[in-house]
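Okay, so here's the structure we're looking at.
The values are calculated or read from the model by the stated rules, or taken from the named source; none is laboratory data. Note that the coordinates shown come from a computational prediction; the quantities given were computed from them, not determined experimentally. Every residue, glycine as well, gets a Cβ built from its backbone with ideal geometry; the counts of neighbours run over all protein chains shown. What goes into the accessible areas is simple: the full protein's heavy atoms, side chains included, and nothing from ligands, DNA or RNA. Shrake-Rupley method; radii C 1.70, N 1.55, O 1.52, S 1.80 Å.
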Amino acid sequence: MTLAHGRPYLAIPGPSVVPDRVLAAMHRPAPNIYEGALVEMVDTLWADLKTVAQTRGHVALYIANGHGGWEAASANVFSRGDRALVLATGRFGIGWGESMRGLGVETEVLDFGRAAPADPDRVAEALRADRAHRIKAVALTHVDTATSAKNDIRAIRRVLDDLGHPALLMVDCIAAMGCDEFRMDDWGVDVAVAASQKGLMVPPGLAFIWFSDRARDVGRKADLRSPYWDWERRAFGEQFYQYFGGTAPTHHLFGLRESLDMLVHEEGIEAAWARHARLARAVWAAGMAWSQEGAFRLNIAEPAARGHAVTAMRLASPDGTRLRRWCEHEAGVTLGIGLGMAEPGTPEADAFFRLAHMGHVNAHMVLGALSVMQAGMAALGIAHGSGALDAATEALRDQAGSETAAPPAARMASAI
Ligand SMILES: Cc1ncc(COP(=O)(O)O)c(C=O)c1O
């Protein structure tokens, strides 16, 4: 007998839960791709996408996943042999570096391990050593989904400015866009990358690149730019098809329109940031209580360095995998696998797992997942501290929390 019947909850860091109204908006006959509803609707997307990233710069959309988004960003910025400084705080930071090298970009990788954010002092050291300014860009994740480490983007921008180093600042926001506070213009980010299947609540298949005028200028000389990735055609093309490098991803676009209505026009991007921050604090409060006994640990010790949309955790091996399996098969909640935390296939790899709380997520879903995890640990005889669910509900009561006091977000109302 299993308790997994009923609506399953996919609590993995992408694909995230797709709202029914987004699926409904996608459930339609194929539209005319030359004129009419689709063409008119698409013109409404760009301003809202800029509001989500808090930029008055430019945005290009691609039929791609996050890996494609990486390549689109690199192809529009670099020439073969250019140098990038990659700040790795998990599997995805490492992955972006590998993607760049695959394109012929030289990378200097600063690896900050699997349980910490990037250290601005080490970044300053590497940039100071680059007297000839060969480093064309500094690239990092906002949040590395594998470790849930959140990097202080403003601190990296300050390092660049203090040293007067001209490198572009490129940020992989795939796990954070629409969830963690992100202010592209205010924070001096030149290139931001995201994908549709996380905070933007649309099935996988779309990637987004936001870019500044400075990135556009620097990119004019990029010899890696290929026709399909060329953001000039995407962001400034005269013809509708140019926005997509060919046929538009019709149904995904109708889904995106619906999710942007939810995120930008109904909830508001700031409220979405605040909702994710509050739900994340509830997860952390439960995690801290569980870690009072046994081997349970939140992967990132410092709250300010934790992402708000995914939380990496560990137990003694193989309990991470045992708990994940119990939650899915016995209770209908799917947790994320551990990723890049230990050599795949080694016993240690079975210690890690992740709980995602991104996009279309509410208190019921998060408290439900935490309760199921606690029930699983009890059922499997895994030692854990008590009072976790009380701590989580207590954390939810705390509206403000204490991490950041930021000015209100602006609506970026400008056409493509
Ligand atoms: C931070 C980050 N970067 C890049 C990617 C790669 O994206 P995709 O799996 O869509 O190719 C992911 C996917 O989980 C991610 O979380």
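Just to be sure, is E71 within 14 Å of the ligand (Cβ to nearest atom), touching a residue at least 24 places away in the same chain (Cβ under 8 Å) and open to solvent by 30 Å² or more (accessible area, probe 1.4 Å)?
On the way: within 14 Å of the ligand (Cβ to nearest atom): yes; touching a residue at least 24 places away in the same chain (Cβ under 8 Å): yes; open to solvent by 30 Å² or more (accessible area, probe 1.4 Å): yes.
Answer is yes for this residue.
Could you count how many residues in region 320-349 are surrounded by 21 or more Cβ atoms within 10 Å (Cβ to Cβ) and in contact with a Pro (Cβ under 8 Å, 6 or more places away or on another chain)?
2
One line per residue, one yes/no per condition, for (1) free of Cβ contacts under 8 Å to residues at least 40 places away in the same chain; (2) within 12 Å of the chain's Cα centre (by Cα); (3) under 29 Å from P303 (Cβ atoms):
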| position | (1), (2), (3) |
| --- | --- |
| A124 | yes, no, yes |
| D161 | yes, no, yes |
| A192 | no, yes, yes |
| A207 | no, yes, no |
| D213 | no, no, no |
| R225 | no, no, no |
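From the list L163, L168, which residue is surrounded by fewer than 17 Cβ atoms within 10 Å (Cβ to Cβ) and within 30 Å of R131 (Cα to Cα)? Spell out how you get there, then give the answer.
Values: L168 fails: surrounded by fewer than 17 Cβ atoms within 10 Å (Cβ to Cβ).
Going through L163, L168 in turn, just one is surrounded by fewer than 17 Cβ atoms within 10 Å (Cβ to Cβ) and within 30 Å of R131 (Cα to Cα): L163.
Within the group V18, V22, which residue is touching a residue at least 12 places away in the same chain (Cβ under 8 Å), open to solvent by less than 60 Å² (accessible area, probe 1.4 Å), more than 16 Å from the ligand (Cβ to nearest atom) and within 22 Å of A175 (Cα to Cα)?
Unique residue meeting the criteria: V22.
Listed residues V264, V283; which is in contact with a Leu (Cβ under 7 Å, 6 or more places away or on another chain), within 29 Å of D152 (Cβ to Cβ), surrounded by 17 or more Cβ atoms within 10 Å (Cβ to Cβ) and in contact (Cβ under 8 Å) with a residue 40 or more places away in the chain?
When all the criteria are applied, what remains is V283.
Sort out which residues of region 172-182 are more than 10 Å from the ligand (Cβ to nearest atom) and open to solvent by 10 Å² or more (accessible area, probe 1.4 Å), and write them in order of number.
Answer for region 172-182, where residues must be more than 10 Å from the ligand (Cβ to nearest atom) and open to solvent by 10 Å² or more (accessible area, probe 1.4 Å): just E181.
Do you know which residues across region 195-215 are more than 9 Å from the ligand (Cβ to nearest atom), open to solvent by less than 20 Å² (accessible area, probe 1.4 Å) and not in a loop (DSSP other than H, G, I, E, B)?
Listed by number, the residues that qualify are L206, F208, I209, W210, F211, A215.
Quick check: anything in region 109-118 away from the ligand (no atom under 16 Å from the Cβ) and charged (D, E, K, R)?
No: region 109-118 contains no residue that is away from the ligand (no atom under 16 Å from the Cβ) and charged (D, E, K, R).
Would you check which residues across region 318-370 are β-branched (V, I, T), assigned to a loop (DSSP other than H, G, I, E, B) and more than 22 Å from D390 (Cβ to Cβ) and list them?
Looking only at region 318-370, we keep the residues that are β-branched (V, I, T), and these are 321, 333-334, 337, 346, 361, 366.
Narrowing the set further to residues that are assigned to a loop (DSSP other than H, G, I, E, B) leaves 346, 361.
Hit for region 318-370 is T346, nothing else.
Out of all the residues in region 139-168, which are part of a strand (DSSP E or B) and away from the ligand (no atom under 16 Å from the Cβ)? Working first, answer last.
Step one: of region 139-168, the residues part of a strand (DSSP E or B) are 139-141, 143-144, 149-150, 168.
Passing the criteria: only L168.
Mind telling me which of the residues D190, D186 ends up being out of contact with any helix residue (DSSP H, G or I) (no Cβ under 7 Å at 6 or more places or on another chain) and charged (D, E, K, R)? It would help to see each step written out before you state the result.
On the way: D190 fails: out of contact with any helix residue (DSSP H, G or I) (no Cβ under 7 Å at 6 or more places or on another chain).
The unique qualifying residue is D186.
What pairs come out if I take residues in region 138-155 that are on the phi > 0 side of the Ramachandran plot and pair them with residues that are within 11 Å of the ligand (Cβ to nearest atom) whose C-beta lies under 6 Å away, six or more apart or interchain?
So the pair list comes out as S148/G307; S148/V310.
Which one of the conditions (1) aliphatic (A, V, I, L, M); (2) surrounded by 17 or more Cβ atoms within 10 Å (Cβ to Cβ); (3) under 23 Å from S74 (Cα atoms) does A132 fail to meet, given that it meets all the rest?
(2)
Would you check which residues across region 217-229 are under 21 Å from L49 (Cβ atoms) and crowded, with 20+ Cβ neighbours inside 10 Å and list them? First the steps, then the outcome.
From region 217-229, those under 21 Å from L49 (Cβ atoms) are 219, 228-229; that's our starting set.
Matches in region 217-229: G219, W229.
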